[in-house]
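Here the structure is laid out as structure tokens; the discussion comes afterwards.
The values are calculated or read from the model by the stated rules, or taken from the named source; none is laboratory data. Keep in mind that what you see is a predicted model, and the values were worked out from it rather than measured. Ideal geometry is used to build each Cβ from the backbone, glycine not excepted, and the neighbour counts take in all protein chains shown. Note: accessible area is taken over every heavy atom of the protein model, side chains too, but ligands, DNA and RNA are not part of it. Shrake-Rupley method; radii C 1.70, N 1.55, O 1.52, S 1.80 Å.
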Amino acid sequence: MERTLILLKPDAVQRRLAGSLIQRFEQKGLKIAGLKLVQASRALAEKHYEVHRARPFFESLIQFLTGGPTIAIALEGPSAVAVARNLMGPTDGTKAPPGTIRGDHAISIQNNLVHGSDSVENANIELAIWFQPSELASYQSVDHSWVIG
Ligand code: IDP
Ligand code: MG
């Protein structure tokens with residue numbers, strides 16, 4: 001079992017896509033282990049995107065992520081990091097294939113609706129940035145043996 005951090009970025013919340021995007025992750029079989037609405041501070045946004053600090057789009061990205069509330073979600077399941085990234089599609093909405101979240105709903109490289117951790121190591125770091133340990137639940141869903149086998 002793996003956990004990954006998903007963010008429904010402020011554009012997803014503003015466009016009222018949150019429910020349908022959560023549904024896509026749930027329908028795949030990923031389980032919600034934590035979920036909250038957060039108005040990210042500049043400090044939180046900078047910590048999350050620290051790896052991109054030197055990039056020319058960094059300031060714009062921070063303005064975007066702090067420009068409205070974000071829904072932070074901890075998702076759990078087999079290969080959750082890769083499974084979630086595949087559901088999201090590539091970064092650039094203009095290039096993301098139909099059938100992916102970004103391919104179906106995004107046409108911007110910055111305003112691409114979702115964040116998903118890109119490795120198990122980064123997932124653990126990012127989950128700790130957005131969630132207290134007590135905000136993450138460990139439980140087995142009732143259909144576990146049917147969904148996971
Ligand atoms: P990812 O979200 O697909 O992992 P990253 O390369 O990690 O993509 O970039 C983080 C975020 O920064 C992207 O999701 C997007 O919002 C923004 N971003 C990435 N590249 C650009 C760019 O060239 N211009 C503007 N924003 C960008
Ligand atoms: Mg990334």
Would you pick out the residues in the range 25-41 that are open to solvent by 50 Å² or more (accessible area, probe 1.4 Å) and either within 16 Å of ligand 1 (Cβ to nearest atom) or under 14 Å from the mean Cα position of the chain (by Cα) (or both)? GLU26, LEU35, LYS36, LEU37
Close pairs from the range 112-128: first open to solvent by 10 Å² or more (accessible area, probe 1.4 Å), partner outside any helix (DSSP H, G or I) and within 8 Å of ligand 1 (Cβ to nearest atom), Cβ under 8 Å, at least 6 apart: HIS115/LYS9
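Given the structure, is GLY77 in contact (Cβ under 8 Å) with a residue 12 or more places away in the chain, under 23 Å from LYS31 (Cβ atoms) and within 11 Å of ligand 1 (Cβ to nearest atom)?
Values: in contact (Cβ under 8 Å) with a residue 12 or more places away in the chain: yes; under 23 Å from LYS31 (Cβ atoms): yes; within 11 Å of ligand 1 (Cβ to nearest atom): no.
No: the conditions fail for GLY77.
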Cβ pairs under 7 Å, 6+ apart or interchain, first in the range 89-101 and on the phi < 0 side of the Ramachandran plot, second open to solvent by 50 Å² or more (accessible area, probe 1.4 Å), ordered by first then second residue, are THR91/ILE109; ASP92/ILE109; GLY93/ILE107; GLY93/ILE109; THR94/ILE107; ALA96/PRO90; PRO98/ASP104; ILE101/ARG24
Enumeration of residues in the range 10-52 that are assigned to a helix (DSSP H, G or I), touching a Gly at 6+ places or on another chain (Cβ under 9 Å) and among the basic types (Lys, Arg): LYS28
